1. For a Förster distance of 51 Å, can you work out the FRET efficiency between the beta-carbons of residue 21 and residue 75, rounded to the nearest 0.05?
2. State, in angstrom, two size descriptors of region 292-470 derived from its alpha carbons: Rg to one decimal place and Dmax to the nearest whole number.
3. Can you give the FRET efficiency for residue 55 and residue 313, using 1/(1 + (r/R0)^6), R0 = 45 Å, r = Cβ-Cβ distance, to the nearest 0.05?
4. Taking a label point 7 Å from the Cα of residue 105 along the Cα→Cβ vector, which residues of region 47-80 have an amide N closer than 18 Å to it?
5. Measure out, as a whole number of angstrom, how far apart the alpha-carbon centroids of region 341-407 and region 255-290 sit.
6. Using 0.36 nm per residue of separation minus the Cα-Cα distance, give me the extension gain between residue 320 and residue 13 in nm, one decimal.
7. Based on alpha-carbon positions alone, could you give the equivalent ellipsoid semi-axes of the chain from the gyration tensor, as √(5λ), descending, whole Å?
8. Three principal axis extents, largest first, for the C-alpha atoms of region 414-466, in Å?
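We did not get these values from a lab; they are worked out from the coordinates using the rules stated. Model, not experiment: these values are computed from the prediction. In this analysis, Cβ positions are derived from the backbone assuming ideal geometry, glycine residues included, and neighbour counts consider all displayed protein chains.
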């Protein structure tokens, strides 16, 4: 009789080419792989030096997303010489090795973690790798997805495999209905605040429970995206009817008889009822409030109606020192009301919260209101497809009328590798995933929150509770 297995164990077993040792290392087959202009050049150079081809070019997909400008008028002209060279090198590498590229003027261009899903390039049960840690996003589709380094990118390109160490299985059960103003972003921020930024280290997380079942696929992507910011090596949600409806008719998804066969296979992708997880965590979603980060790590977050915590109350000396350092960098004092903290910038976008559902939520808050004087607010769609859909729905007009900048797609201010960045000392309400020192620009201070909360902050000119604006 076959032992009960978790979904993670099933996917690993189905993709194990060979067991390498008794310490959990296996040779893992990779179904799909995507590349960007930032993390791939060294891998391609190594292939050239070794005179090795890409083994399965059609299993890889490349986009320009990290370094490109998101200016409202998009062209191929790039003023910065180093940035232009990165984009040219990606085009050349894709051409020479036969890999499909969505370049800057392609209607399919966008952030890799948005594009791969909306194109149907990632499907349930797959193993997916990319040179970016937030590849965990695609666990929302039931795919084992994770970030890899440059040498591993080379290995995948040359062999379509990876040397991989099996992780432990962590089940996070989230139950209860979300209250008004509370979103998937608040769920994952609350979880990370509970377990710490390293709380899921060594594990692949499977999210389950009534909250997850009721959450849209895009919301699940937000949760899986930021799982890596809680230390997880991967994240999974078993595919259900929502996933099937999301994927059906996507450009790269199966069609006809192949779709029917795929659905039959995908319906078996779930943990066995009596599967044993190495660790279990439960979260009551009904009790959650909109979350805001106060420090320089996603786990330094509290409900928006709370106050900046006092390091003196923290018994752990390492955490206490980290809190002290964060308060100094963020120029905050213990006991301050979060809603008294003024902002200079507001950013809506990123692979965490740059999808059409996110823009709709922010537009609902912005409609009929105006950005506060002195605040520069910008909206950057996660892909050109999202940009065009938002314009078709008139969302861009709502943002423009409210005083937001409406821009083209890209990573933008999430990572500050382009011309969208904070100036030293500027404080930003941001829908992104990370807030370490300098993440959005040297000396910039970032407060993480949901897109609707960013819109509320932009209008109030300070950190604000979206629930009071929506009332």
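1. On the way: r = 52 Å, r/R0 = 1.01.
The computed FRET efficiency comes out at 0.50.
2. 15.8, 53
3. 0.25
4. 63-65, 68-80
5. 32 Å
6. Values: separation 307, 0.36 × 307 = 110.52 nm, distance 4.20 nm.
So the chain would gain 106.3 nm between residue 320 and residue 13.
7. Values: eigenvalues 221, 148, 96 Å².
Equivalent ellipsoid semi-axes, largest first: 33, 27, 22 Å.
8. So the three principal-axis extents are 29, 19, 18 Å.
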